[in-house]
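Engineer: A single structure is presented below for examination.
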Amino acid sequence: MTGDGELTDSRRRTLLARHGEALDLFADRVHTIRPRQWHDPTPCTDWTVRDLVNHLVVEQLWVPPLLDGASIADVGDAYDGDRLGDHPTAAWDRAAAAAREAFTAPGALHRTVELSYGRTAAHAYCAQMTADLVVHAWDLSRAIGADEHPSKALADFTRREFGPYAGSGVPGIFDAAVDPPPGADSWQRLLAQLGRRV
């Protein structure tokens, strides 16, 4: 994945820039959600708009403790269930700000974190989180009728990160690939490989 390999200072700056852009992209979509849309369906099976945003909030909430060296067992069920409360947009803003601060802390990307599949370089974790934000921003955009194309920089980053694994249909990670529509661009073809019907 994009996060693999030596983390040079240039790569660190680029990764943090892409991660910040991905957070901003998803934040823009969250702030676009109209009150009546929170219970609308999304391209993610069995998830409403609220469920999708809650999923991303929970993912951001995990970042600070993992980068601080906590194990999955240490965190336990602290972030289970609905974390949005009565003010879902504010919940996203707080979680995203905490994740941004954790990843940009001095030395953070040189650490190692414990993920569900084992010990992982923190910069690889950041790269995965960045690509995940971009794909889920498409899911949210489709659900609420917003622009479905990220910037070229984010689209290229996500293709490099997820492209080698797209189409694999790994349960819980990627859906089975579907056929892209005629005339699909490279971003839309990647989404189709990730099981999204564009």
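Engineer: To the nearest 0.05, how large is the calculated FRET efficiency for S71 and E101 if R₀ is 35 Å and r is the Cβ-Cβ distance?
Structural biologist: On the way: r = 21 Å, r/R0 = 0.60.
E(calc), rounded to 0.05, equals 0.95.
Engineer: At 1.4 Å probe size, with every protein chain present, just tell me what the per residue accessible area of the chain comes to in Å². Don't skip to the answer; put the middle values down first.
Structural biologist: On the way: 9610 Å² over 198 residues.
Per residue, the chain has 49 Å² of solvent-accessible surface.
Engineer: Separate question: For a test of the definition: using alpha carbon positions, the gyration tensor, and the 1.5 limit on a/c, classify segment 31-143 as rounded, prolate or oblate.
Structural biologist: Details: a/c = 1.94, a/b = 1.83, b/c = 1.06.
Judged from the Cα gyration tensor, segment 31-143 comes out prolate (a/c at least 1.5, a/b above b/c).
Engineer: Sum -39500 (n - 2.57) across every DSSP H segment of at least 4 residues in the chain, then divide by the residue count to get the 222 nm mean residue ellipticity, nearest 500. Display every interim value, and only then the final one.
Structural biologist: Numbers: 7 runs with 106 residues, N = 198.
My calculation for the chain gives -17500 deg cm²/dmol from helical runs alone.
Engineer: I'd like the carbon and sulfur percentage of the solvent accessible area for segment 15-172, probe radius 1.4 Å, heavy atoms only, ligands and nucleic acids excluded.
Structural biologist: On the way: 3710 of 7190 Å².
In segment 15-172, the share of accessible area belonging to carbon and sulfur is 52 percent.
Engineer: Right, here's the next one. If the only charges are +1 at each Lys and Arg Cβ and -1 at each Asp and Glu Cβ, what is the size of the charge dipole of segment 34-182 around the Cα centre, to the nearest 20 debye? Walk me through the intermediate numbers first.
Structural biologist: Numbers: 12 positive and 21 negative charges, 83 e Å.
The dipole of segment 34-182 has a size of about 400 debye.
Engineer: With a cut-off of 8 Å between alpha carbons and a minimum separation of six or more residues, what is the relative contact order of segment 43-164 in percent?
Structural biologist: 25 percent.
Engineer: Would segment 81-141 count as rounded, prolate or oblate if I go by the C-alpha gyration tensor, calling it rounded below 1.5 in a/c and otherwise prolate when a/b exceeds b/c, oblate otherwise?
Structural biologist: Values: a/c = 1.94, a/b = 1.59, b/c = 1.23.
Cα axes put segment 81-141 in the prolate bin.
Engineer: Loop-only check: which chymotrypsin sites (Phe, Trp or Tyr not before Pro) in segment 66-112 are DSSP coil with at most 16 other Cβ within 10 angstrom?
Structural biologist: On the way: sites: Y79, W92, F103; in loops: Y79.
Hits after loop and neighbour filter: Y79.
Engineer: Another one. If amide hydrogens are placed 1.01 Å from N in the peptide plane, which non-local residues have theirs closer than 5 Å to the one on L115?
Structural biologist: T120
Engineer: Quick one, which of [x] 48; [y] 62; [z] 52 is the actual percent of Cα pairs over 21 Å apart calculated for this model?
Structural biologist: [z]
Engineer: Let me ask something additional. Kindly point out which whole DSSP H helices in the chain project their C-alpha atoms 18 angstrom or further along the helix axis while averaging a Kyte-Doolittle hydropathy of 0.0 or above.
Structural biologist: On the way: long enough: 9-32 (35 Å, -0.75); 49-67 (28 Å, 0.75); 88-104 (24 Å, -0.16); 122-144 (32 Å, 0.46).
Helices passing the filter in the chain: 49-67, 122-144.
Engineer: Net charge near A192: determine it from the other residues with C-beta under 15 Å of the C-beta of A192, scoring Lys and Arg +1 and Asp and Glu -1. Kindly include the intermediate steps, with their values, before the conclusion.
Structural biologist: On the way: positive: R142, R159, R189, R196, R197; negative: D139, E148, D175, D179, D185.
Residues close to A192 contribute a combined charge of 0.
Engineer: So, one more: Between H149 and A176, what's the calculated FRET efficiency when r is the beta-carbon distance and R0 is 22 Å? Round to 0.05. Walk me through the numbers before you get to the answer.
Structural biologist: Details: r = 23 Å, r/R0 = 1.07.
Given R0 = 22 Å and the Cβ-Cβ separation, E is 0.40.
Engineer: Could you rank V53, V58 by how accessible they are, 1.4 Å probe, largest area first? Can you show the working numbers first?
Structural biologist: Details: V53 0, V58 25 Å².
Ranking V53, V58 by accessible area, largest first, yields V58, V53.
Engineer: While we're here: Report the residue, chosen from D93, D80, D132, that carries the largest GNM mean-square fluctuation when the chain is represented by alpha-carbon nodes joined by springs under 10 Å.
Structural biologist: Most flexible of the set in this elastic network: D80.
The values are calculated or read from the model by the stated rules, or taken from the named source; none is laboratory data. Since the model is a prediction, treat every value here as computed from it, not as a measurement. Positions of Cβ are backbone-derived with ideal geometry, glycine not excepted, and every protein chain shown enters the neighbour counts. Protein only, heavy atoms only, side chains kept; ligands, DNA and RNA dropped before computing areas. Shrake-Rupley method; radii C 1.70, N 1.55, O 1.52, S 1.80 Å.
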